[in-house]
1. Within segment 19-31, identify whether any single residue is in a loop (DSSP other than H, G, I, E, B), in contact (Cβ under 8 Å) with a residue 12 or more places away in the chain and within 16 Å of ligand 2 (Cβ to nearest atom), and answer yes or no.
2. Please give the number of the condition T96 fails out of (1) surrounded by fewer than 22 Cβ atoms within 10 Å (Cβ to Cβ); (2) in contact (Cβ under 8 Å) with a residue 40 or more places away in the chain; (3) in a loop (DSSP other than H, G, I, E, B).
3. I'd like to know if segment 158-174 contains one or more residues that are closer than 18 Å to T235 by Cα, more than 15 Å from ligand 2 (Cβ to nearest atom), at pLDDT 95 or above and part of a helix (DSSP H, G or I).
4. What residue, among those in segment 175-192 that are within 16 Å of ligand 1 (Cβ to nearest atom) and assigned to a loop (DSSP other than H, G, I, E, B), is nearest to S131 (Cα to Cα)?
5. Across segment 52-65, what is the total count of residues that are touching a helix residue (DSSP H, G or I) at 6+ places or on another chain (Cβ under 7 Å) and either more than 10 Å from ligand 2 (Cβ to nearest atom) or without any contact (Cβ under 8 Å) to a residue 60 or more places away in the chain (or both)?
6. Away from ligand 1 (no atom under 16 Å from the Cβ), of a type outside the set (G, A, S) and modelled with pLDDT under 95: which single residue out of E87, E97, E107 fits that description?
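The values are calculated or read from the model by the stated rules, or taken from the named source; none is laboratory data. Owing to the predicted nature of the structure, the values given are computational and were not obtained by experimental measurement. So basically every Cβ, Gly included, is an ideal-geometry build from the backbone, and we count neighbours across all protein chains shown.
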Amino acid sequence: MDKLRFQSFGSGSSGNCYFIGNASNGILIDAGIGVRSIRKCLRNIGLDFENIWGVFVTHDHADHIKAVGSIGEKHRVPIYTTRHVHEGIQRSYCVTEKLYSSKKYIEKNQSVQVGEFMITSFPVSHDATDSVGYTIEYNGKKITFATDLGFISEEVGEHLKVADYMVLEANYDAQMLEQGSYPIHLKNRIAAKTGHLSNDQAGIFLAENYNERVQHIFLCHLSRENNLPNLAYTTIQNYLESKQIIVGRDVNLITLDRLTPSELYIF
Ligand SMILES: [Zn+2]
Ligand SMILES: [Zn+2]
């Protein structure tokens, strides 16, 4: 089988979109950046919307769904998510083109097969209408996406612990958030159990649950105001090294840029 490919097209509150697939087709996780940017990114890797089996949406916040209407209805790509997230998308002011024929429903903890990819969703804790993470299996490898989550529940942990690759949120540095300029209600919202994952939360989990199966850890959804790529990286590196897990030797650690597409990873 063709090798697994992964690329981030954008990651963070300005818009999230990730490609996972192979040389000839694949799926997208979220479509929160402009449809033209997504198409450009796909063309750069020799693909177009006709090669996309589906968009799997994590939740109905604007930075994850902005382009689903046009990708679904105009480009005829099925949009998969839970019933509640679909309801949220239909209500959302930022999706001007509503979904009709492209709407596909999934159930949490159940798997769907699209093309050569098996996708399983699992619940995550976040302040959206409904929220899920995804594990994609292809050719015996698993890649797990867990973004926009207030904490790593046991269920989320079960997915991350057996992943070969993971895209995990490292949204904020606790001190930067506390000392930053955000109003107190927003600070509380971000730090809540239904908010976002901090560098410490991600690092502690990764260090305590290291499995030698994991090869690449991609840190996603970094906050512009409350985090720095270097800080996220070194914080998590330090947690890992406190358990003798050496970055570069035992695992690869990569921070995904907010606005620039990552390189194309071929595993
Ligand atoms: Zn988000
Ligand atoms: Zn969100």
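1. Yes; the residues of segment 19-31 include at least one that is in a loop (DSSP other than H, G, I, E, B), in contact (Cβ under 8 Å) with a residue 12 or more places away in the chain and within 16 Å of ligand 2 (Cβ to nearest atom).
2. Unmet condition: (2).
3. Scanning segment 158-174, I find at least one residue that is closer than 18 Å to T235 by Cα, more than 15 Å from ligand 2 (Cβ to nearest atom), at pLDDT 95 or above and part of a helix (DSSP H, G or I), so the answer is yes.
4. Result: A192.
5. 3
6. E97
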